[in-house]
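What follows draws every value from the coordinates through simple rules; no lab data is involved. Owing to the predicted nature of the structure, the values given are computational and were not obtained by experimental measurement. Positions of Cβ are backbone-derived with ideal geometry, glycine not excepted, and every protein chain shown enters the neighbour counts.
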Amino acid sequence: MNYYTSFFRRTFDLVFAVICFLLFIPSLAVLIGVKIVNGGQNIFFVQPRVGYKNKIFLIYKFATMVEGSHKTQSAFITTAHDYRITSIGAILRKTKIDELPQIINIFRNEMSVVGPRPLMKESFYSYPREIQNIIYNTKPGITGIGSLIFRDEERLMTICKEKGMDPLDYYKNHIYAFKGDLETWYLQNVGFKTDIKILILTFWVVFSRDNNLVQKAFSNLPKVPLLLTEDGLREHKLN
């Protein structure tokens, strides 16, 4: 445990959370207005996730889907233009504003700004045991290296379904397999410089379509398999 992760990181998290709180208030006001106009739509989405040292905690997000969507069979697989996503929810997801309420989790010392994304239990157990044992030796984050690499994950799942592939098999055996490699890399490279670069890139990729940007920023990052790119997946031939 280095000085950054044992002390400075918590200070950094709190400063960032206070700044985001100033953004949180106007965003909340807008969503309350949308709820009053549309009616029947929850503002917040609260769900159990796996966190630090594999303990379960409740994550907070702005609701982006119709109520009850998390109970459907395909709850953890979302495609582009998913019918469950509301019109305002699509904007929140695209801009990552839906993640803002997680500053509550930061204040509660359950999350950091940067770290592995906290997973649902079902998703967590899709990882090999060796990854399960180490991934949350650091607190989960609002953003992370996996979030950057798979920022277009919903489009990948859409292409997967269009090609007639099994989305669940693709998610578990390809996406999760590589996410495990990415989170292992993060644990080996965690530090202030790494976290700052990930945070800056998180804001940048919202506007940039450069799929190689993250790889350029981290030269030692595991190379993304061809099947996890849009072009590679489109060209993939089924057996």
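Please report Y3, Y127, Y52 as a ranked list, fewest other C-beta atoms within 10 angstrom at the top and most at the bottom.
Y3, Y52, Y127
How many percent of all Cα-Cα pairs in segment 174-239 sit more than 19 Å apart?
Summing the P(r) of segment 174-239 above 19 Å gives 42 percent of all pairs.
What is the spin-label model distance, in nm, from F203 to N54 if the labels are put 7 Å beyond Cα along the C-beta direction?
Rounded to a tenth, the inter-label distance reads 3.7 nm.
Would you count, across segment 90-210, every pair of lysines whose alpha carbons are under 20 angstrom apart, provided the pair is eight or more residues apart or spans two chains?
Close lysine pairs under the 20 Å cut-off: 12.
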